[in-house]
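Please treat every number below as a calculation from the coordinates, not as lab data. These numbers come from a predicted model, not from an experiment. We place every Cβ from the backbone using ideal geometry, glycine too, and count neighbours over all the protein chains shown.
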Amino acid sequence: MIAAGDVVLVINAGSSSIKFEVFEVPAAPPPIPRFAGQLEGIGASPRFTAKDAAGTRLAERHWDDGNAPANHRAGLGIIIDWLEGVLAGRRVAAIGHRVVHGGPDMAAPVMVDVAVMERLRELAPLAPLHQPHNLAGIAAAAERFPGVPQVACFDTAFHRSHAWEADTFALPPEFYARGIRRYGFHGLSYEYVARSLAESEPALAAGRVVVAHLGNGASLCAMRGGRSVDSTMGFTALDGVPMGTRCGQIDPGVLLHLLTTEGMDAAAVQKLLYGNAGLKGMSGISQDVRDLEASADPRAAQALSHFCWRVRREVGALAAALGGIDALVFTAGIGENAPAIRAAVCEELGFLGIALDPALNAANAPEISAPGAATRVLVHPTDEEGMIARHVLGLLQRSENA
Ligand code: ADP
């Protein structure tokens, strides 16, 4: 029986990091954030940091003694040892995991059992850089907390409402049947924004909304009535707009050219597209918008200018997919904090009824559209971990009531 005061642990296990957040089970939703942190640099030089909900640093550790955690299992052990100290005997009621791929069928979070784990392992070839790490996180958590429910929450699930036209590539149908289709990602972020807008702005949330999740990874999503209609990311999280280190949309002919005429092998192309493209690759300076904005190097300005150009194009494309636009919502690290980027994206979008109020935009205000503009423009924080915690509580409560 889940009870107020228990905690839900949320784990986001990436390729070289494990992020976590602890939520207290409230008397009434939403879950209350308590602690958050991460172990970065797994396999290289790991560093553990943690803070409380007010942002006060509670822990900082690195290892110079050769005892650094070498893998995800050991890394999760470090996190749980620390948590046991601060949780002071509170019961971990469930653990929610961010899992990048739920395949064509998973349209909602699921309780993990042996069969689900097997199915998620089968999907690993669709997301080889992420899925194995997500699953390693689940396995490690299950080992350390035997009997505690583990819940998988998928980045793809929110987009399962897409029509076939949005989901398919223009390939013979057997490719679609083999799972080669546009899944879309960042779904937990979009779902959080959709739910939160439905609470604060129900009339707007019922309409046509384009959400721009612009962080280190970046994508945009077209929603109607809070449901995903289309998204810029496709088969993998490479497609769509340029990102910190990823290329975004690229003519597939370029890949053929690199592989054949230029003689690059698949591993080199993968490294280029995922790790050495986007803002970092174009500028040769950094993947971080703050560094590029501070730089006098013309390559920094060019990279940002191209990024804004592509984001603007996608806003237009998604507005077309929706047959119009009632609101544009900026979220994630860049979307929430970079006024110059938002201004550049919106600059030529007057034809969609978009106009910004410069002072509100400069202040990262919750609403930045000019008074009287036909289309509202919002800055809305996202919370993927909070969304996972809500899912976990919802699933537990439904299974207790069943
Ligand atoms: P992730 O995809 O890793 O979750 P975030 O959503 O946290 O990424 O976004 C991180 C990015 O947000 C940084 O790399 C940086 O480019 C950008 N960013 C964060 N704060 C600012 C700021 N004040 N001004 C401009 N860009 C910012």
Worksheet item: Helix 298-322: angle to the longest alpha-carbon principal axis of the chain, degrees 0 to 90, nearest 10?
Response: 90
Discussion item. Between Val86 and Glu293, how high is the FRET efficiency from 1/(1 + (r/R0)^6) when r is the Cβ-Cβ distance and R₀ = 45 Å? Nearest 0.05.
Written reply: 0.80
Worksheet entry | Compactness index (Cα Rg / 2.2 N^0.38 Å), the stretch 291-353 | 1.20
Practice prompt. Any chance you could check the Cα centroid distance between the stretch 56-93 and the stretch 200-234 for me, in angstrom?
Written response: 36
Worksheet, complete the sentence: In Å, the C-alpha Rg and Dmax of the stretch 1-137 are 15.9, 46
Response to the item:
Taking Cα pairs closer than 8 Å and at least 6 residues apart, the relative contact order of the chain in percent is 13
Worksheet item: Rounded to the nearest 500, what is the chain's calculated 222 nm mean residue ellipticity when only DSSP H runs of at least 4 contribute -39500 (n - 2.57) each, over all residues?
Response: -11500 deg cm²/dmol
Worksheet item: Once phi is turned into θ = phi - 60°, what whole-Hz ³J(HN,Hα) does the Karplus curve with 6.51, -1.76 and 1.60 give for every residue of the stretch 219-231, x standing for Gly and Pro?
Response: 7, 10, 9, 9, 10, 10, x, x, 10, 6, 9, 6, 8
Fill in: Other-chain or far-sequence residues with amide H under 5 Å of Asp230's (modelled H)
Ala222
Item to complete: Quick one: grab the alpha carbon gyration tensor of the stretch 170-295, order the square roots of its eigenvalues as a ≥ b ≥ c, and give me rounded if a/c is under 1.5, else prolate or oblate depending on whether a/b is larger than b/c.
Response: oblate
Discussion item. Can you compute 3J(HN,Hα) from phi for each residue in the stretch 81-96, using the Karplus curve 6.51 cos²θ - 1.76 cosθ + 1.60 with θ = phi - 60°, rounded to whole Hz and x for Gly and Pro?
Written reply: 4, 5, 4, 4, x, 7, 7, 6, x, 5, 7, 7, 7, 6, 10, x
Item to complete: With a/c under 1.5 counting as rounded, go ahead and sort the stretch 197-252 into rounded, prolate or oblate using the C-alpha gyration tensor (a ≥ b ≥ c being the square roots of the eigenvalues; past the cut-off, prolate if a/b is larger than b/c, else oblate).
Response: prolate
Worksheet entry | Rg followed by Dmax, in Å, when the stretch 236-388 is reduced to its Cα trace | 17.2, 55
Worksheet item: Among 258-268, 363-373, 206-216, what's the highest-first ranking by average C-beta atoms within 10 angstrom per residue?
Response: 206-216, 363-373, 258-268
Worksheet, complete the sentence: For the chain, longest principal axis from Cα atoms; helix 384-401 axis from its Cα atoms; angle between them, nearest 10 degrees, is 50
Worksheet item: What spacing in nm lies between the two simple spin-label points modelled at Thr260 and Arg227, each 7 Å away from Cα in the Cβ direction?
Response: 4.2
Discussion item. Going by average Cβ density within 10 Å per residue, which order do the peptides 153-160, 97-104 take, highest to lowest?
Written reply: 153-160, 97-104
Discussion item. Give me the three principal axis extents of the stretch 299-402 from the C-alpha atoms, as integers in angstrom, largest value leading.
Written reply: 53, 34, 26
Worksheet entry | Taking only Cα atoms of the stretch 40-118, radius of gyration then Dmax in Å | 16.1, 46
Worksheet item: Once you sort the root eigenvalues of the Cα gyration tensor of the chain as a ≥ b ≥ c, which label holds: rounded (a/c under 1.5), prolate (a/b larger than b/c) or oblate (the other case)?
Response: rounded
